Amino acid sequence: MAPTPTIELIHRGSEGYEEARRATCRNRHLPDRYAEVIVQATNEAEAAAAIRLAAENDWRVAIRSGGHSFSCNHIREGGMLLDLSRLNDVEIDGAAMTAAVGPGCRSDELDALLAERDLFFPVGHCQGVGLGGYLLQGGFGWNSRTLGMACESVLAIDYVDADGEVRHASPEENADVYWAARGSGPGFVGAITRYHLRLYPRPAFIGSRLGVYPLEKFEEVFRWVKEVGPTVSQHVELMWVVTRRLPITGEPGMMVIVAVFADSEEEARQEVSFVDSRPDGATMFLPFTEMSLAELTAETMSNYPEDHNHVVDNTWTHATADELLPAMRGILEDLPPAPSHFIWLNWSPKTQRSEMAFSLEDEFYTAQYGLWSEDDEHLEEPVTAWVNAGIAALAPHSSGIQLADENLARRDAPFMAEANRARLESIRQERDPGRRFHTYGSVAD
Ligand SMILES: Cc1cc2nc3c(=O)[nH]c(=O)nc-3n(C[C@H](O)[C@H](O)[C@H](O)COP(=O)(O)OP(=O)(O)OC[C@H]3O[C@@H](n4cnc5c(N)ncnc54)[C@H](O)[C@@H]3O)c2cc1C
């Protein structure tokens with residue numbers, strides 16, 4: 001038996017504790033909750049030893065990989081905060097089209113390694129998103145409308161269970177845990193130390209079209225994206241962003257973003273030709289351009305600056321434009337200063353989903369990203385009120401939320417089919433009966 005590694009504990013109140021706690025969150029708006037100890041594991045053996053130590057001390061465990069949870073879900077009161085960001089190794093087997101990836105590996109890091117080999121994985125749309133939390137909650141990745149939720153390309157996982165044992169889960173082994181790992185997000189029943197992923201050939205052509213409209217065209221553009229959305233090819237991502245300062249012009253406005261993943265430039269051009277039906281009155285509509293995924297990601301990032309406070313919430317919907325418009329107008333009227341923004345994403349899933357915990361999605365996705373800088377503390381109240389009011393106005397038309405942008409500690413909402421939620425809780429009862437691991441922020445646990 002391998003010797004138990006020595007675990008370094010950063011105790012609450014000790015020097016370096018607050019720095020280590022804050023460094024675990026991308027969101028600068030941390031909850032006032034403090035773990036008793038923080039452990040920064042550097043490998044799987046340390047992660048397992050940390051969980052055994054937590055069991056000995058009867059500490060509950062909250063886990064962090066990339067720290068991109070907008071709600072800072074891993075910041076809990078008491079117990080252990082287990083930071084797995086240092087488990088970020090990547091092994092790529094190009095012949096087998098598979099990769100073994102640590103949960104601390106970031107979406108953009110994995111993509112850069114795959115791009116060198118002409119391979120592809122549906123990574124998240126922004127730099128820095130940790131694969132640990134991203135894959136667990138489902139993973140709405142680049143080209144996911146074609147390739148499926150990123151978690152559908154998880155072949156197996158290695159994880160530490162509630163007793164501190166390292167285990168493997170796949171369709172053949174610990175199949176219930178494998179089922180849970182694909183969509184349970186913060187409700188997972190262990191600590192994932194490695195994902196085994198299926199890879200894909202890199203699309204031969206990645207490109208985009210970008211259009212800018214003034215805010216006065218809000219209703220026309222909304223009706224258009226709503227109408228064309230369900231008809232656009234699964235190779236196309238259509239997104240609409242509304243903000244008081246567009247990164248591209250510095251002016252208030254709306255951006256229509258069309259990204260395409262195709263086998264050839266000709267196919268890509270044909271698949272984005274639907275933009276010819278767009279409303280008149282655009283400030284600009286840039287020509288169709290070939291782009292690398294890194295460039296597309298950098299463009300998306302311009303709406304998500306670092307070092308900001310965030311309050312974020314979201315809604316799935318399939319309601320009609322007329323049903324949604326009153327709520328949408330309210331969101332526009334009260335839109336706070338940039339970088340706060342509103343997005344509308346065409347999803348319209350067509351593919352049959354795998355058997356997994358992930359089970360709630362709809363035609364369209366809307367999210368309100370409330371952001372303010374440390375110099376603008378006075379914005380916390382109006383920005384939070386804007387997010388809450390918009391979500392409340394959309395609530396009658398909501399079919400649930402994504403865990404990607406969850407806000408469960410502030411507002412409970414459905415995020416999984418009821419039967420799947422019940423199954424997950426029965427798996428928890430068996431795999432983590434003592435509730436070693438924290439779950440969703442909505443649960444008083
Ligand atoms: C700028 C930005 C862009 C984003 N873009 C996308 C996007 O394009 N698509 C998308 O789907 N999502 C996106 N997200 C959401 C993101 O995928 C989720 O917040 C995800 O949880 C982040 O994973 P993480 O490891 O970085 O987060 P963390 O905050 O570290 O983890 C989130 C939660 O997952 C659980 N968890 C994390 N790691 C482990 C582990 N190893 N074992 C067990 N449980 C674990 C914990 O409960 C933790 O609280 C984005 C977020 C941001 C901030």
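Collect the residues in region 429-445 that are modelled with pLDDT of 95 or more and within 23 Å of the chain's Cα centre (by Cα), keeping them in residue-number order.
Within region 429-445, PHE437, HIS438, THR439, TYR440 meet the criteria.
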Original post:
Quick check: anything in region 180-196 among the aromatic types (Phe, Trp, Tyr), surrounded by 20 or more Cβ atoms within 10 Å (Cβ to Cβ) and modelled with pLDDT of 95 or more?
Top reply: yes
Subject >> Selection from region 372-410 of residues that are in the same structural domain as ARG244 (by TED's automatic domain parsing) and among the charged types (D, E, K, R) >> reply: GLU374, ASP375, ASP376, GLU377, GLU380, GLU381
Original post:
Within region 51-78, can you find the residues that are away from the ligand (no atom under 12 Å from the Cβ) and touching a strand residue (DSSP E or B) at 6+ places or on another chain (Cβ under 6 Å)?
Top reply: ALA54, TRP59
**OP:** Scan region 257-280 residue by residue and report those that are in a helix (DSSP H, G or I) and of a type in the set (Asp, Glu).
**Re:** GLU265, GLU266, GLU267, GLU271, ASP276
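More than 8 Å from the ligand (Cβ to nearest atom), closer than 25 Å to CYS25 by Cα and touching a residue at least 60 places away in the same chain (Cβ under 8 Å): does that describe LEU119?
Taking the combined requirement at face value, the residue does not satisfy it.
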**OP:** Could you name every one of the helices (runs of 4 or more DSSP H) located completely within region 126-189 that has at least 2 residues being more than 9 Å from the ligand (Cβ to nearest atom)?
**Re:** 144-147, 175-181
Original post:
Are any residues in region 217-256 part of a helix (DSSP H, G or I) and of a type in the set (Asp, Glu), and if so, which ones?
Top reply: GLU219, GLU220, GLU227
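Looking at region 357-370 only, could you name the residues that are under 19 Å from MET328 (Cα atoms) and buried (at least 17 other Cβ atoms within 10 Å of the Cβ)?
Within region 357-370, ASP362, PHE364, TYR365, THR366, ALA367, GLN368, TYR369, GLY370 qualify.
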**OP:** Out of GLU299, GLU323, GLU237, GLU306, report the one residue that is away from the ligand (no atom under 16 Å from the Cβ) and either within 25 Å of ALA338 (Cα to Cα) or surrounded by fewer than 21 Cβ atoms within 10 Å (Cβ to Cβ) (or both).
**Re:** GLU323
**OP:** Of the conditions (1) touching an Asp or Glu at 6+ places or on another chain (Cβ under 7 Å); (2) surrounded by 24 or more Cβ atoms within 10 Å (Cβ to Cβ), ARG167 clears all except one; give me its number.
**Re:** (2)
**OP:** Can you tell me which residue among LEU238, LEU286, LEU293 is in the same structural domain as LEU210 (by TED's automatic domain parsing) and in contact with an Asp or Glu (Cβ under 8 Å, 6 or more places away or on another chain)?
**Re:** LEU293
**OP:** Would you check which residues across region 200-215 are in a helix (DSSP H, G or I) and either under 15 Å from THR300 (Cβ atoms) or out of contact with any Gly (no Cβ under 8 Å at 6 or more places or on another chain) (or both) and list them?
**Re:** none
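The values are calculated or read from the model by the stated rules, or taken from the named source; none is laboratory data. Just so it is clear, the structure is predicted and the values come from calculations on it, not from any experiment. A quick note on method: Cβ atoms are made from the backbone with ideal geometry, for glycine too, and the neighbour counts reach across all protein chains shown.
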